[in-house]
Amino acid sequence: MCGIVGYNGSKKAVDILLDGLSRLEYRGYDSAGVAVRDKDKEIQIFKAKGKLENLREKLEGEKLKGTCGIGHTRWATHGEPSETNAHPHVSNDGNVTLVHNGIIENYQELTAKLGRHDYTLYSETDTEVLTNIIDYYYKKYKMGPIDAINRTMVRVRGSYAIAVMFRDYPDEIWVARKDSPMIIGENEDGYYVASDVPAILKYTNKVYYIDNLEAACLKKDKVIFYDLNGDEIKKELKEIKWDVSAAEKEGYEHFMIKEINEQPDVIKKTINSFVREDYIDLSNTGLSDEEIKNFKQIYIVACGSAYHVGVCAQYVLEDLTRIPVRVEIASEFRYRKPILDKDGLVIVISQSGETADSLAALREAKNQGVKTLGIINVVGSSIAREADHVLYTLAGPEIAVATTKAFSTQLIAAYVLAIQMGYVKGKINETVYQELIEEIKTLPEKVQYELDHLTNKIQKLSSKFSHIKDAFYIGRGLDYAISLEGSLKLKEVSYIHSEAYAAGELKHGTISLIEDGTLVIGIATQEEIFEKTISNLVEVKSRGAYVVTVTSEDMDVSKVSNFTLNVPKTLKYFYPSLTVVPLQLIGYYITVSRGLDVDKPRNLAKSVTVE
Ligand code: M6R
């Protein structure tokens, strides 16, 4: 999705803008632009289609000395990727210059309004419409930037984070937001604005969060916040605990492999944030034992990989708490008019905390008066702020579009929640509780063992299968849940078609696709259903499939497996944390063998803030 960076201070703005935009590249974009101004001079705008490199080339030789500016990477929604459609956009007479993330839903109606007032448009974007609407209110009421911005916020429908420069206010950047992320950073050199933390983390970890329908004015030496009435409001400066180096590649070829290798560390940090010596402490989340005892139904809602965590969590939560659990894709949940149990708990899982459909699902639950809990990585994100309770994952900044370390920490959060709920509800006794706590603590070193012992093997396997057209991932129970994630990891970065199937379901149609050499990755760790999964693997092997089996080190798959990846032994609930690692490595190394851009797969964005 689009990215915004802005700076107003004592340093050269263009360098900070380009650096910040380069750190947002992972979000996906197809054009970029900057607007910079020097005191009392005109705003200078540069835009380019394609990579940021194209913009850098255009800026070569330009003496942009200004210390106030805004920048943008655009992921096309309204209008094709082109230099004309790229941001910043400018109002008809150059009075307003603006960058925007999000979508303006009533842009057609607003375009007609502008037409009636003799405005003309040069691009196909909803952003240019927004720019001119601000200009229209600015000139009509002549009450300055905050009045024009607030009138615009009341008039437009949709989601937006905007950074605006007014010709009459040379030393100011104005920002506002609704349902699209934006933070303001502060250090001794000045003020920063960004749609995402990594863009400015190198410069500061001190940030302000602006809420929906709030605005702010960034001057060189202060920032002033406003509500929708135009009244000044106070905001607390918060510290982001993320380590700057976590957003750098640090010698790794790609962020994806760096983040895969960070898993032992972030899993450990996440465990340590909840697990004390011999008990789980959820007090930080504000979730009381009383509330836990009252829940009669759990709904888990999420998108993509976070949904796959939900599928894993469904098995574990139901088993340990004996509360019925329903897991749903957020974009389906929000529009199916769900009938929610008032004594239920809606769990929303999201790395970014900004996924539009997940946020809408959370709001639907809240509208129905049902308690909500977020499992979230980004502190201060919309879902984190709106959920009744939050379990934070400590994955740190995740840059690769394909999630790996955030997924693994979400699993941990789901496990601790399930164990604690099961214990509080009296569904597991002290012995089982202690056994689960002891075992969860061993996961970081087991994941490290896998990274040390499986990487080379998977590299070799991957070069052999880099040319394939299709792959199938099959398993039962928790092994099926992790098949979903393995399959997505392969397809989203390698562009190889792959499908995940409940192993027992193959015979009902899909097995007809199996032919000589088809790659089938079978996950078989669950003892109670192990023999059944093996039978399904035999069925595909006898039809010519090449069977790769991911299984526990104490299980024998020799009669069916062409290639075996053993993971360390653990308790049945925790196998997803171990089986996902070889699957992530397969996705990564097959993509590298195909010579593709692993960190920025085509058509994808890191956080999907539009529906
Ligand atoms: O930020 P979120 O966890 O809400 O994002 C959900 C999905 O968009 C995300 O998991 C996506 O499926 C990734 N590309 C998977 O690698």
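Do we find a residue being outside any helix (DSSP H, G or I) and not assigned by TED's automatic domain parsing to the domain that holds Lys606 anywhere in segment 406-425?
Start the filter on segment 406-425 by keeping residues that are outside any helix (DSSP H, G or I), which leaves 425.
Filter once more, so that each one left must be not assigned by TED's automatic domain parsing to the domain that holds Lys606: 425.
Within segment 406-425 (the criterion being outside any helix (DSSP H, G or I) and not assigned by TED's automatic domain parsing to the domain that holds Lys606), the answer is yes, since at least one residue qualifies.
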request  = Test Tyr449 against the stated conditions and say whether it is modelled with pLDDT of 95 or more, of a type in the set (Phe, Trp, Tyr) and open to solvent by 10 Å² or more (accessible area, probe 1.4 Å).
outcome  = yes
query = Within the set of pairs 6+ apart or on separate chains, which have a first residue in segment 503-515 that is assigned to a helix (DSSP H, G or I), a second that is crowded, with 16+ Cβ neighbours inside 10 Å and among the aliphatic types (A, V, I, L, M), and C-beta atoms under 6 Å apart?
reply = Ala503/Ile474
Residue that is open to solvent by less than 10 Å² (accessible area, probe 1.4 Å), of a type in the set (Val, Ile, Thr) and modelled with pLDDT under 95, where the choices are Val548, Val520, Val598 = Val598
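Residue under question is Lys569, and the condition is that it be surrounded by fewer than 19 Cβ atoms within 10 Å (Cβ to Cβ) and closer than 30 Å to Gln420 by Cα; does it hold?
For Lys569, the condition - surrounded by fewer than 19 Cβ atoms within 10 Å (Cβ to Cβ) and closer than 30 Å to Gln420 by Cα - is met.
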remark   = Going through segment 567-595 in order, the residues found to be touching a Pro at 6+ places or on another chain (Cβ under 9 Å) and not in a helix (DSSP H, G or I) are Val567
message = Can you tell me which condition Val197 does not meet? The list is (1) surrounded by fewer than 24 Cβ atoms within 10 Å (Cβ to Cβ); (2) touching a residue at least 60 places away in the same chain (Cβ under 8 Å); (3) over 19 Å from the mean Cα position of the chain (by Cα); (4) under 15 Å from Ile240 (Cα atoms), and all the others hold.
response = (3)
ask   = Does Asp231 satisfy the condition of being surrounded by 12 or more Cβ atoms within 10 Å (Cβ to Cβ) and acidic (Asp, Glu)?
value = no
ask   = For Tyr122, which of the numbered conditions (1) surrounded by 15 or more Cβ atoms within 10 Å (Cβ to Cβ); (2) under 28 Å from Gly50 (Cβ atoms); (3) hydroxyl-bearing (Ser, Thr, Tyr) fails to hold?
value = (1)
ask   = What do you reckon, is Thr111 of a type in the set (S, T, N, Q) and open to solvent by less than 20 Å² (accessible area, probe 1.4 Å)?
value = no
request  = Test Pro198 against the criterion of being farther than 20 Å from Ile103 by Cβ and in contact with an Asp or Glu (Cβ under 7 Å, 6 or more places away or on another chain), and give yes or no.
outcome  = no
note = Among the residues of segment 157-180, the number that are surrounded by 24 or more Cβ atoms within 10 Å (Cβ to Cβ) and touching a Phe, Trp or Tyr at 6+ places or on another chain (Cβ under 9 Å) is 9
message = As an exercise: evaluate Pro264 against (1) out of contact with any strand residue (DSSP E or B) (no Cβ under 7 Å at 6 or more places or on another chain); (2) within 15 Å of the ligand (Cβ to nearest atom); (3) touching a residue at least 24 places away in the same chain (Cβ under 8 Å); (4) outside any loop (DSSP other than H, G, I, E, B) and give the number of the one condition it does not meet.
response = (2)
message = Regarding segment 237-259, can at least one residue be identified that is farther than 30 Å from Glu438 by Cβ, open to solvent by 60 Å² or more (accessible area, probe 1.4 Å) and at pLDDT 95 or above?
response = yes
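Among the residues of segment 269-277, is there at least one that is in contact with a Ser or Thr (Cβ under 6 Å, 6 or more places away or on another chain) and closer than 27 Å to Thr525 by Cα?
Of segment 269-277, the ones in contact with a Ser or Thr (Cβ under 6 Å, 6 or more places away or on another chain) are 270.
Now restrict to residues that are closer than 27 Å to Thr525 by Cα: 270.
Yes, there is a match, as at least one residue in segment 269-277 is in contact with a Ser or Thr (Cβ under 6 Å, 6 or more places away or on another chain) and closer than 27 Å to Thr525 by Cα.
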message = Could you check segment 285-303 and list, in sequence order, the residues that are among the polar types (S, T, N, Q) and touching a strand residue (DSSP E or B) at 6+ places or on another chain (Cβ under 8 Å)?
response = Thr285, Gln297
query = What is the number of the single condition among (1) of a type in the set (Val, Ile, Thr); (2) in contact with a strand residue (DSSP E or B) (Cβ under 8 Å, 6 or more places away or on another chain); (3) open to solvent by less than 10 Å² (accessible area, probe 1.4 Å) that Thr591 does not meet?
reply = (2)
key: Residues that are modelled with pLDDT of 95 or more and surrounded by fewer than 17 Cβ atoms within 10 Å (Cβ to Cβ), drawn from segment 13-43   = Asp15, Asp19
message = Condition first: in contact with a Lys or Arg (Cβ under 7 Å, 6 or more places away or on another chain) and either open to solvent by less than 40 Å² (accessible area, probe 1.4 Å) or of a type in the set (S, T, N, Q) (or both). Now tell me which residues in segment 497-510 satisfy that.
response = Ser498, Ala502, Ala503, Gly504
message = Against the condition free of Cβ contacts under 8 Å to residues at least 40 places away in the same chain, under 30 Å from Ala400 (Cα atoms) and among the acidic types (Asp, Glu), how does Glu214 come out, does it pass?
response = no
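Looking for whichever is polar (S, T, N, Q) and more than 22 Å from Ala48 (Cα to Cα) here; the options are Thr97, Thr84, Thr131, Thr111. Which one fits? Don't jump to the end; show me each part of the working.
Working: Thr97 fails: more than 22 Å from Ala48 (Cα to Cα); Thr84 fails: more than 22 Å from Ala48 (Cα to Cα); Thr131 fails: more than 22 Å from Ala48 (Cα to Cα).
Checking each option against the conditions leaves just Thr111.
Go through the residues of segment 405-415 one by one and say whether even a single one is touching a helix residue (DSSP H, G or I) at 6+ places or on another chain (Cβ under 7 Å) and away from the ligand (no atom under 14 Å from the Cβ). Show your work before the answer.
Taking segment 405-415 as the starting set, the residues that turn out to be touching a helix residue (DSSP H, G or I) at 6+ places or on another chain (Cβ under 7 Å) are 405, 407-415.
Cutting the leftovers down to away from the ligand (no atom under 14 Å from the Cβ) gives us 412, 415.
Taking every residue of segment 405-415 in turn, at least one turns out to be touching a helix residue (DSSP H, G or I) at 6+ places or on another chain (Cβ under 7 Å) and away from the ligand (no atom under 14 Å from the Cβ).
The values are calculated or read from the model by the stated rules, or taken from the named source; none is laboratory data. Just so you know, these numbers come straight off a predicted model, no measurement behind them. Every residue, glycine among them, receives a Cβ derived from its backbone with ideal geometry; neighbour counts consider all protein chains shown. We work out accessible area using only protein heavy atoms, side chains counted, and drop any ligands, DNA or RNA first. Shrake-Rupley method; radii C 1.70, N 1.55, O 1.52, S 1.80 Å.
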